[in-house]
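First up is the structure itself, then whatever we jot down about it.
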Amino acid sequence: MSEIEGVLVGDKIQLKRSDEAKRPLVQRLNRIEGQVRGLRGMIEEDRYCLDEIQQISALTSALREVAVMIIGEHVTAGVRVASEPGADREAALADMVRVLRVGMQYKE
């Protein structure tokens with residue numbers, strides 16, 4: 001199995017990640033979890049509001065980066081799925097667009 005494979009299930013591309021492919025996402029999420037604990041500590045200690053807001057901004061950026069990674073995996077797998085002989089290309093493309101819209105915060 002390649003690191004990330006996609007399978008069209010109904011009208012959705014389901015990703016199947018290898019343990020190696022999951023590792024960078026899990027590592028980032030672990031760092032984010034630590035940042036959240038740090039923010040909680042800052043609030044409990046009544047730290048300066050600007051420090052708390054800067055931590056929130058860093059968390060938001062970190063979460064967006066995880067989203068970009070996931071979107072990249074989804075689109076890469078989706079292109080492979082759409083390229084397979086006999087694939088439902090329209091369903092695969094529609095799913096990729098749906099994921100991109102949500103990732104870009106556009107609503108249909």
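The values are calculated or read from the model by the stated rules, or taken from the named source; none is laboratory data. Just so we're clear, the structure is a prediction, and the values are computed from it rather than from any experiment. Here Cβ is always computed from backbone atoms with ideal geometry, including for glycine, and neighbour counts include all displayed protein chains. Each accessible area value is taken on the protein alone, full model and side chains, heavy atoms only, with ligands, DNA and RNA left out. Shrake-Rupley method; radii C 1.70, N 1.55, O 1.52, S 1.80 Å.
Identify, please: which residue in the range 72-88 is more than 15 Å from the chain's Cα centre (by Cα) and free of Cβ contacts under 8 Å to residues at least 24 places away in the same chain and is, among those, most open to solvent (accessible area, probe 1.4 Å)?
PRO85
Here is a check on your reading of the model: is MET69 within 15 Å of the chain's Cα centre (by Cα) and surrounded by 11 or more Cβ atoms within 10 Å (Cβ to Cβ)? Let's see the steps before the verdict.
Values: within 15 Å of the chain's Cα centre (by Cα): yes; surrounded by 11 or more Cβ atoms within 10 Å (Cβ to Cβ): yes.
The answer is yes for MET69.
Against the condition out of contact with any helix residue (DSSP H, G or I) (no Cβ under 6 Å at 6 or more places or on another chain) and assigned to a helix (DSSP H, G or I), how does LEU59 come out, does it pass?
Criteria not met by LEU59.
Taking the condition open to solvent by less than 70 Å² (accessible area, probe 1.4 Å) and of a type in the set (Asp, Glu), does ASP95 pass? Give the derivation first.
Values: open to solvent by less than 70 Å² (accessible area, probe 1.4 Å): yes; of a type in the set (Asp, Glu): yes.
Here the answer is yes, as ASP95 does meet what is asked.
Residues are listed down the side, and each one gets a yes or a no for (1) at pLDDT 95 or above; (2) at negative phi; (3) among the charged types (D, E, K, R):
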site	(1), (2), (3)
LEU29	yes, yes, no
LEU39	yes, yes, no
CYS49	yes, yes, no
ALA58	yes, yes, no
GLY86	no, no, no
MET96	yes, yes, no
TYR106	no, yes, no
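With at pLDDT 95 or above and within 23 Å of GLN14 (Cβ to Cβ) as the only criterion, which of ILE53, ILE70 stands out? Walk me through how you get there before you give the answer.
Details: ILE53 fails: within 23 Å of GLN14 (Cβ to Cβ).
That would be ILE70, the only listed residue that is at pLDDT 95 or above and within 23 Å of GLN14 (Cβ to Cβ).
In the range 34-65, what count of residues is obtained for those that are open to solvent by 80 Å² or more (accessible area, probe 1.4 Å) and over 15 Å from the mean Cα position of the chain (by Cα)?
12
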